[in-house]
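Below is one structure; the comments refer to it alone.
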Amino acid sequence: MIKVAITGADSPDAGELLRILVNHPEVIVTTVSAPGREGLSVTSVHHGLIGELKMNFSGPLPMTPDCSIVFVCGNSMTAAEFSALQLARPDIRSVIVDAIPNLDTERLGVVYGLPEINRKPLVRGAVSAMVPSPAASVVLTALYPLATHMLLNDSVKVSVSLPPDILQKDKGNAQKEIARILSQTQLSFSDNFNLELKAIDGERCMKADISLSCPVSIEQIHEMYEIYDDHNFAFPVSSVVNVKEVSGTDKCVISLNKPDDSTLRIEAVADPRMRGGAGEAVHIMNLLFGLHEKTGLALKASDF
């Protein structure tokens, strides 16, 4: 069994993570660290866990925790603390759910944890990974196949609708994050593309509207997106899809169409509590431990 410790265990991301992990067949949660809430029941903070998890929050994570993996949530760990944990316990895997300020990810070997792009590094010996931001996760999944064919250009316009709390977290960072990852595939792509982030009603609603100049036929475009045929959470389609189709799941559904011969329109929908959050974190864990991607993530769309 995979022994799981969670730091920042009283944060919303940790609550979502726990609701997934309590039903994961290969996981046992051993530590829920939340300094300042020691002794309080987890169910007094996080909903949906009564009858599923009988644990109390503990204090700071010890330097040698009894676990196989640590999920870092909230503002629960500094860069120095994360580096010290890696040094003290190099056998422990870690998933950074919420960004750690000033963390030197390259020096520490932290893999960018978007499985649609970095699945191979995650299954081939990676020890640590960081979860993308929600906006970056949906936009990168939507644009990556085009980048592999050098089709991104200065005409790219992106608008991402997010819940207000996630919008505040992503604002100011998403554009550079997206450009940094896409430019590793298409070197000519830069961060001067047009990105708009805006608020949307709905706790589990995230939608990316993307347009760009593209003379390639829609049939050829769909062939490019066949890169996702052996992935389990990215689904290109021809029809427009409502966010209700993905609510409560780790899926990203990508609608592709050409309103005219020179323009490509992409609409991608995902659940921002899962994509770029808890669902992606569990997806990463599955890959780090050599499990099937969907283990513990074969979830029902919660709106149906």
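Restricted to the range 166-204, and to residues there that are in contact with a Lys or Arg (Cβ under 9 Å, 6 or more places away or on another chain) and surrounded by 15 or more Cβ atoms within 10 Å (Cβ to Cβ), the residue that is modelled with the highest pLDDT is Leu197. If the condition is being out of contact with any Asp or Glu (no Cβ under 8 Å at 6 or more places or on another chain) and under 18 Å from Glu116 (Cα atoms), then the range 194-229 contributes Ile221, His222, Glu223, Met224, Tyr225, Glu226, Ile227, Asp229. Is there a residue being among the hydroxyl-bearing types (Ser, Thr, Tyr), in contact with a helix residue (DSSP H, G or I) (Cβ under 6 Å, 6 or more places away or on another chain), closer than 19 Å to Cys252 by Cβ and outside any loop (DSSP other than H, G, I, E, B) anywhere in the range 115-138? Within the range 115-138 (the criterion being among the hydroxyl-bearing types (Ser, Thr, Tyr), in contact with a helix residue (DSSP H, G or I) (Cβ under 6 Å, 6 or more places away or on another chain), closer than 19 Å to Cys252 by Cβ and outside any loop (DSSP other than H, G, I, E, B)), the answer is no, since none of the residues qualifies. Can you name the residue in the range 86-127 that is hydrophobic (A, V, I, L, M, F, W, C) and over 27 Å from Ile166 (Cβ atoms) and is also surrounded by the fewest Cβ atoms within 10 Å (Cβ to Cβ) among such residues? That would be Leu87. Any idea which of (1) at pLDDT 95 or above; (2) in the same structural domain as Tyr144 (by TED's automatic domain parsing); (3) under 25 Å from Cys73 (Cβ atoms) is the one Ile266 doesn't satisfy? Evaluating Ile266 over (1) at pLDDT 95 or above; (2) in the same structural domain as Tyr144 (by TED's automatic domain parsing); (3) under 25 Å from Cys73 (Cβ atoms) leaves (3) as the failure.
Given the structure, is Val45 in contact (Cβ under 8 Å) with a residue 24 or more places away in the chain and buried (at least 22 other Cβ atoms within 10 Å of the Cβ)?
no
Confirm whether Val160 is part of a strand (DSSP E or B), buried (at least 20 other Cβ atoms within 10 Å of the Cβ) and outside the structural domain of Thr78 (by TED's automatic domain parsing). Criteria met by Val160. Annotation note: of Leu40, Leu21, the sole residue that is in the same structural domain as Ala79 (by TED's automatic domain parsing) and under 23 Å from Lys169 (Cβ atoms) is Leu21. Considering only residues that are touching a helix residue (DSSP H, G or I) at 6+ places or on another chain (Cβ under 8 Å) and in a helix (DSSP H, G or I), which ones fall in the range 88-114? The answer is Leu108, and nothing else. Taken across the range 219-231, residues that are among the polar types (S, T, N, Q) and surrounded by 14 or more Cβ atoms within 10 Å (Cβ to Cβ) do not occur at all. Selection over the range 64-84 of residues that are within 12 Å of Ser33 (Cβ to Cβ), out of contact with any strand residue (DSSP E or B) (no Cβ under 7 Å at 6 or more places or on another chain) and not acidic (Asp, Glu) gives a count of 1.
The values are calculated or read from the model by the stated rules, or taken from the named source; none is laboratory data. In this text, all values refer to a predicted model and were calculated from it rather than measured experimentally. Positions of Cβ are generated from backbone atoms using ideal geometry, with glycine treated the same way; all protein chains shown enter the neighbour counts.
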